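One structure is given below, encoded as C-alpha cells.
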Amino acid sequence: MRFDARSFEGQPLQLLLARVRAGDIDRILGEARRQMAPRPRGVVRTRGAADQPTVDLMPAMEGAAVVDSPLPPDHPPVQIPRVTLVEWIGAGAEGIVYLGIAEQTGRNVAVKLVRQDAGATRSSAVREALICAKLQHPNIVRVLTVELLPPWWVIIMELVKGCTLSTAAVSQRDKPVFGQLSDALCLLSARGIVHRDVKPANVILRDANRSPVLIDFGLAVDLGAAEWMPDSTQGTPIFMAPDALRGNKPEPSWDWYSLGITVAEVLLGMRFCGKYSSLTYTDLAALKLTGAFDREVRQALRELEDAELSSWCAALTDSGSPEREKAIRQACHWQ
Ligand SMILES: Nc1ncnc2c1ncn2[C@@H]1O[C@H](COP(=O)(O)OP(=O)(O)O)[C@@H](O)[C@H]1O
Ligand SMILES: [Mg+2]
C-alpha cells in the first residue's frame with residue numbers, strides 16, 4: 001500500500017499497491033529474518049550512550065535490563081521504487097535511516113525503514129506521516145510519502161543535513177535554537193498533537209543555518225483523533241514527564257517538560273543521561289515521581305550564566321510552577 005502525504009491537504013489520499021520485484025523477495029525476507037530475531041520482552045533497547053532508549057515501559061515495570069540492538073545492515077535491506085538508497089545515516093530504537101536519491105528529481109531524501117514488528121503497528125508509520133503532514137513548520141521535519149514494502153514500512157522525508165543535539169556543540173548563546181523549538185512545540189500544542197519523544201536525538205541542527213528540526217513522530221499522538229488507548233506507555237524515561245510515566249492520557253505539557261530536560265541536558269553536557277543511564281526503569285520512575293529528579297535538574301540549572309535561560313528551563317520542568325505559562329510564551333521571542 002502506498003500513501004502520499006503531500007496529497008493530504010485538500011485532495012483524496014492516493015492508495016496504490018506497492019510492487020516488490022520478485023527477485024527481491026528472498027533477499028528482503030532473509031534480511032528481515034536476521035533483523036527480526038526475537039528480542040526478550042521487558043528490556044530497554046538502546047543504541048549507544050548518545051541516544052537514550054525509547055522503550056515500551058509496560059512490560060518493563062519490574063526493572064529493565066539494557067541490551068544493544070543489532071547494528072544496521074551494511075547494505076539497505078530493501079529496494080524502493082524510484083529511490084536509490086545511498087548510505088546509512090542514522091538509527092534510533094525503531095528505525096534505520098538512509099540517505100536516498102529520488103530518481104526522477106535527483107533530490108536527496110531521508111528514508112526511514114521501520115520493521116513491522118518494532119512496536120510499529122500497521123498504522124503507526126502512516127500516523128507519523130499524517131501527523132507531520134498536518135504540521136507545516138520550518139522546525140518540523142517534512143514527510144513526503146510512506147509506503148509498505150513488507151516487512152518494512154518506508155517513510156520518505158526531507159533530508160535534514162546536520163547533527164542531532166546529542167552530538168552538536170550547543171551553548172547558552174544558542175537561545176534562538178531553543179526559541180525555534182519552542183515555536184514548533186507551540187504549533188503542536190495548538191493542533192492537539194503530543195510528540196511524546198522530544199529529546200536531543202530527535203532534534204537535528206541544520207548545518208546550513210543552525211536551525212533545529214524536530215524529527216521522529218513515531219510516538220506522536222493526535223488528541224483530536226481520539227486514537228490514544230491506555231494500553232502502553234512509551235517514550236525515553238529520562239526525558240518523560242512524571243505524568244507520562246504514570247501512563248496518563250497524553251497532554252501537550254509533556255512535550256514542554258521534555259524540552260526543558262532536553263535543553264538542560266544539552267547545556268549541562270548530558271549530565272543526567274550519564275549519571276542515570278544504568279538505573280532500572282523502576283528506580284528512575286521513583287526518582288521522577290517523587291520529584292527528586294526534577295529538583296536535582298533545577299539545582300544544576302543554577303550553574304548556567306544566563307539567568308533567563310536557566311529559569312525558563314526550570315519552569316518548563318515544573319508543572320506546578322506559576323511561571324510555566326509565561327516561560328512557554330517567552331522563548332518564542334528568541335528567534
Ligand atoms: N529527515 C532526516 N534527515 C536526516 N537524518 C535523519 C532524518 N530522520 C532521522 N534521521 C537520523 O536517523 C536517526 C534515527 O531516526 P528517528 O526518526 O529518530 O528513528 P527512531 O524512531 O528509531 O528513533 C536520527 O537520530 C537522525 O540521526
Ligand atoms: Mg528517534
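Every number in this text was worked out from the coordinates using simple rules, so none of it is lab data. Since we're looking at a predicted model, the values are computed, not measured. Don't worry about glycine lacking a Cβ; one is built from the backbone with ideal geometry, like all the others, and counts go over all protein chains shown.
Across region 273-286, computed HN-Hα scalar couplings (Karplus, 6.51 cos²θ - 1.76 cosθ + 1.60, θ = phi - 60°) run 4, x, 5, 10, 5, 9, 5, 6, 4, 4, 5, 5, 4, 4 Hz from first to last residue, x flagging Gly and Pro.
In a shell of Cβ-Cβ distance under 11 Å around ASP294, excluding ASP294 itself, what net charge do Lys and Arg (+1) and Asp and Glu (-1) give? With Lys, Arg at +1 and Asp, Glu at -1, the neighbours total +1. Neighbours of ARG271, meaning other residues whose beta-carbon lies under 12 angstrom from its beta-carbon, give a summed charge of -2 when Lys and Arg score +1 and Asp and Glu score -1.
In terms of distances greater than 32 angstrom between alpha carbons, the cross-link table entries LYS249/LYS275; LYS112/LYS326; LYS161/LYS288 yield LYS112/LYS326; LYS161/LYS288.
The phi torsions of region 186-193, fed into the Karplus equation with coefficients 6.51, -1.76 and 1.60 and a -60° offset, translate into couplings of 4, 5, 4, 4, 5, 8, x, 10 Hz, rounded to whole numbers, with Gly and Pro shown as x.
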